[in-house]
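Engineer: Mind having a look at this structure? Questions to follow.
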Amino acid sequence: MTDIKAEDEYLFHHSVNVCVLALVTGIHLGYSKADLLTLGMGALLHDIGKVKIPKAILNKKGCHTEQEFEIIKRHPIYGKQLLYDEPYCTIAYAHHERYSGEGYPLGLKGNEIHPFA
């Protein structure tokens, strides 16, 4: 989290907000305390891969080019590399997957996606 905050104040606040929303959802779903801890940590760290994206691209005002967006889409891969412990690396890797299969980086569908992602 220190790396995230040092890199980008917005990203830090986004990560905290995602954590709060994930925990509220997990509580609503009846997750155990152990699962809530895992979910919360994964949510805090889900965008850690963005520390490897150039700031000029990440913080660009306006629309990104296709090439810039392809670079941004690498952050789940970088997150998986940085968070080699399960399930945190899987959460970071799969947090942009979509139930329909239209997400990235793997295009996973439905139950193929880790529930914490």
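Engineer: Explain nothing, just the number: relative contact order of the chain, from Cα pairs under 8 Å at least 6 residues apart, as a whole percent. Write out the running numbers ahead of the final one.
Structural biologist: Working: 157 pairs, mean separation 23.1, N = 117.
Here the relative contact order equals 20 percent.
Engineer: Could you check which residue among ILE91, ILE77, ILE27 shows the biggest mean-square fluctuation in a GNM of the chain with a 10 Å Cα cutoff?
Structural biologist: Comparing ILE91, ILE77, ILE27 in the GNM, the peak value goes to ILE27.
Engineer: While we're here: Taking the 0 to 90 degree range and rounding to the nearest ten, how far is the long axis of helix 33-45 tilted relative to the main principal axis of the chain, both from C-alpha atoms?
Structural biologist: Between the helix axis and the principal axis of the chain, the angle is about 0 degrees.
Engineer: Pairs on different chains or at least eight residues apart, Cα atoms closer than 25 Å: how many lysine pairs in the stretch 2-112 fit?
Structural biologist: Number of lysine pairs found: 24.
Engineer: Please provide three numbers in whole Å: the alpha-carbon extents of the stretch 73-117 along the principal axes, with the largest listed first.
Structural biologist: Largest to smallest, the principal-axis extents are 27, 20, 10 Å.
Engineer: Where is the GNM fluctuation largest for the chain (alpha-carbon springs, 10 angstrom cutoff): GLY49, GLY103, GLY30?
Structural biologist: Comparing GLY49, GLY103, GLY30 in a Gaussian network model of the chain, the most mobile one is GLY30.
Engineer: Continuing with the same structure: Build a GNM of the chain with springs between Cα atoms under 10 Å: which of ASP47, ASP35, ASP85 gets the top mean-square fluctuation?
Structural biologist: ASP85
Engineer: Based on DSSP H runs of at least 4 residues, each adding -39500 (n - 2.57), what is the mean residue ellipticity at 222 nm of the chain after dividing by all its residues, to the nearest 500 deg cm²/dmol? Display every interim value, and only then the final one.
Structural biologist: Working: 7 runs with 65 residues, N = 117.
So the helix-based figure for the chain works out to -16000 deg cm²/dmol.
Engineer: Also: Between LYS33 and TYR84, what is the FRET efficiency for a Förster distance of 25 Å, r being their Cβ-Cβ separation, to the nearest 0.05?
Structural biologist: Values: r = 25 Å, r/R0 = 0.98.
According to the calculation, E is roughly 0.50.
Engineer: Right, next: Kirkwood hydrodynamic radius (Cα pairs, Å) of the chain? Numbers along the way, then the final one.
Structural biologist: Working: mean 1/r = 0.0683 Å⁻¹.
In the chain this quantity evaluates to 14.6 Å.
Engineer: How much length would be gained if the chain were fully extended between GLU9 and CYS63, taking 0.36 nm per residue of separation minus their Cα-Cα distance, in nm to one decimal?
Structural biologist: Details: separation 54, 0.36 × 54 = 19.44 nm, distance 2.06 nm.
17.4 nm is the gain from fully extending GLU9 to CYS63.
Engineer: Against the longest alpha carbon principal axis of the chain, how many degrees, from 0 to 90 and to the nearest 10, is the axis of helix 9-28 turned?
Structural biologist: On a 0 to 90 degree scale, this one is about 20.
Read-outs: derived from the displayed coordinates by stated rules, not from any lab. This is a predicted model, so every value here is computed, not measured. Note that we place each Cβ from the backbone using ideal geometry, even for glycine, and neighbour counts take in every protein chain shown.
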